[in-house]
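Single-structure report; data block below.
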Amino acid sequence: MTLIQLKYFQTICKYNNITRASAELHVSQPSLSNAVKELEREFGVSLFTRRSRGLELTPEGRYFLDEANKLLEQAEQLTTNMKHMSTTDRTLTLGLPAMSGSLVFTDLLRTLYARSPGTHIQVMENGSLANRSKIMDHTLDAAIITRNGPLPPGIGHVALRHVNICLYLSVMHPLAEKDTVTTDDLDQLPLAMLPEDTFLDHCIHQYYEAHHLKTNIIVRTNQLATIQQLVATNTTAAFLLDHVLEESSDIVKRTVPGLLPAEIDLIWKSSRHLSPHLKNLITAARNI
């Protein structure tokens, strides 16, 4: 039994038809038929019953397909893991959101380099939602994300910081006179928002929908300096994590009822091979 035989068998089962499997695999029909015959001869069972409408798995064939699927999935995972094996000069790709990254990345990097000065980091700037997706498809080695709900299965994580979501306003804005804004204050409030692949955008949209409010997003940008200028000049307000902008003579922040606090995490795919550099990054995250 070989992996190529299992792949042939799996594809035949996908269509219950050798002709269609042949077209997908670009392998001749006799080669596929011979692969099935060799498997049947090796195990002494019939895997298919031939019907006029096509092939039908026998009970032994159904069992064999279940096990073949598992073996092929394991083989694919092994291939992925081996491709991600570390070398001494391995560069880690780290997904970094603009907002939450500004709160934790400096401490994380300082702690990492105290432990492993030979590690190189390539930062990929994405929102939290994009980062989580790129972790699952192995585009990133690790990522920093913000969340206020559970992570999907298959993701390892270290909590870096718990943080509130605040509304930032110009001192000239009428709401700046209030200690706490109400949901009615937020309806159609002009906002500067982060891009749509971010946790915060998703969170605020859920909040507005739950309270039957209308959003009024004037601009979207990853540039926190731009958002700061828009808020300071009373052009827009902005929802951001606490401490992303500092209160000043131009800017104040206010709490919003019902907005849940968020957690900033370092995440990675738990099934992947953990290279020495990735292990050092995880250890650094646990010590900041």
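The values are calculated or read from the model by the stated rules, or taken from the named source; none is laboratory data. What you are looking at is a predicted structure, and each value in this text was computed from that prediction instead of being measured. Note: ideal-geometry Cβ built from the backbone for every residue, glycine included; neighbour counts use all protein chains shown. These accessible areas exclude ligands, DNA and RNA; they are computed on the full protein's heavy atoms, side chains included. Shrake-Rupley method; radii C 1.70, N 1.55, O 1.52, S 1.80 Å.
Within the accessible area of segment 107-152, what % is carbon and sulfur when the probe is 1.4 Å and the other protein chains stay in place? That fraction is 50 percent. A viscosity of 1.567 mPa s and a temperature of 4 °C, combined with the Kirkwood radius over C-alpha pairs in the Stokes-Einstein formula, give segment 76-190 a diffusion coefficient of 75 µm²/s.
Dividing the mean sequence gap of close Cα pairs (under 8 Å, 6+ apart) by how many residues the chain holds gives a relative contact order of 23 percent.
D by Stokes-Einstein for the chain, Kirkwood Rh over Cα pairs, 25 °C, 0.890 mPa s: 108 µm²/s.
For segment 57-212, relative contact order (Cα pairs under 8 Å, six or more residues apart, normalised by length) works out to 23 percent.
For segment 25-86, trypsin sites (Lys or Arg not before Pro) are listed when DSSP marks them as loop and at most 16 other Cβ atoms sit within 10 Å of their Cβ; the list is Arg53.
Extension gain for Thr283-Gln229 works out to 15.7 nm (0.36 nm per residue, less the C-alpha to C-alpha distance). The phi torsions of segment 235-243, fed into the Karplus equation with coefficients 6.51, -1.76 and 1.60 and a -60° offset, translate into couplings of 7, 9, 9, 7, 8, 9, 5, 4, 6 Hz, rounded to whole numbers, with Gly and Pro shown as x. Note on Ser46/Glu76: beta-carbon distance plugged into 1/(1 + (r/R0)^6) with R0 of 25 Å gives a FRET efficiency of 0.35.
Of the solvent-accessible surface of segment 191-277, computed with a 1.4 Å probe and all protein chains present, 51% belongs to carbon and sulfur. Straight-line cross-link partners of Lys70 among the lysines, defined as a Cα under 18 Å from its Cα and at least 8 positions apart when in the same chain: Lys7, Lys14.
Hydrodynamic analysis of segment 175-288 uses the Kirkwood radius over alpha carbon pairs. Inserted into Stokes-Einstein at 10 °C and 1.306 mPa s, it gives a translational diffusion coefficient of 97 µm²/s.
Across segment 130-147, rounded Karplus estimates of 3J(HN,Hα) from the backbone phi angles (6.51 cos²θ - 1.76 cosθ + 1.60, θ = phi - 60°) give 5, 4, 4, 5, 6, 5, 5, 9, 6, 5, 10, 6, 7, 7, 9, 9, 10, 7 Hz, Gly and Pro being marked x.
Probing with 1.4 Å while keeping every protein chain in the model, the per residue accessible area of the chain equals 52 Å². The share of Cα pairs per 10 Å bin across segment 92-144, counted from zero up to the longest distance, runs 26, 52, 21, 0 percent. Distance from the C-alpha centroid of segment 101-157 to that of segment 197-266: 22 Å, rounded to the whole angstrom.
Computed over the alpha carbons of segment 147-225, Rg followed by Dmax gives 14.9, 47 Å.
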